[in-house]
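Shown next, in structure tokens, is the structure this report addresses.
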Amino acid sequence: MHDLVIINSKKEAVCSHVVISGGKGVTQDSSLKLIKKYSDELKEFGRVRFQIVPFDTNGGLQKRKEYMLNEHQSMFLASIKNNHGL
């Protein structure tokens, strides 16, 4: 279970693309595609940060890239999904 918003080491409120995906009922892959497609627009709101995090699967422990978006980036990503039915 992920927290909706966390405070990062720079004292900024950020939200994971995983949380946004779950809240919107879409796959993480859909969110990742949108992050890549709209990377220039997201960068207008600040640096697009990510972290590598472990997660469990049936095959064992895996790692994935998890984007940590600031408030404006999160709202932008959420609005794209709403407008495109994702």
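The values are calculated or read from the model by the stated rules, or taken from the named source; none is laboratory data. These figures come from a predicted structure and were not determined experimentally. In this analysis, Cβ positions are derived from the backbone assuming ideal geometry, glycine residues included, and neighbour counts consider all displayed protein chains.
Here are some notes:
- Any hit, the stretch 28-38, residues being modelled with pLDDT under 95, out of contact with any helix residue (DSSP H, G or I) (no Cβ under 8 Å at 6 or more places or on another chain) and polar (S, T, N, Q): no
- Tally, over the stretch 16-31, of residues that are within 20 Å of residue 5 (Cβ to Cβ) and either in contact with a strand residue (DSSP E or B) (Cβ under 8 Å, 6 or more places away or on another chain) or part of a helix (DSSP H, G or I) (or both): 11
- Tabulated pairs, the stretch 45-65, first in a loop (DSSP other than H, G, I, E, B), second not β-branched (Val, Ile, Thr), C-beta under 6 angstrom, 6+ apart or interchain: 45/72; 45/73; 46/70; 48/42
- Candidates are the residues of the stretch 68-81 that are assigned to a helix (DSSP H, G or I) and out of contact with any helix residue (DSSP H, G or I) (no Cβ under 8 Å at 6 or more places or on another chain); the one that is modelled with the highest pLDDT is 72.
- The single residue among 19, 14, 53 that is surrounded by fewer than 17 Cβ atoms within 10 Å (Cβ to Cβ), among the β-branched types (Val, Ile, Thr) and under 13 Å from the mean Cα position of the chain (by Cα) turns out to be 53.
- Checked against (1) in a loop (DSSP other than H, G, I, E, B); (2) at pLDDT 95 or above, residue 10 meets all criteria but (2).
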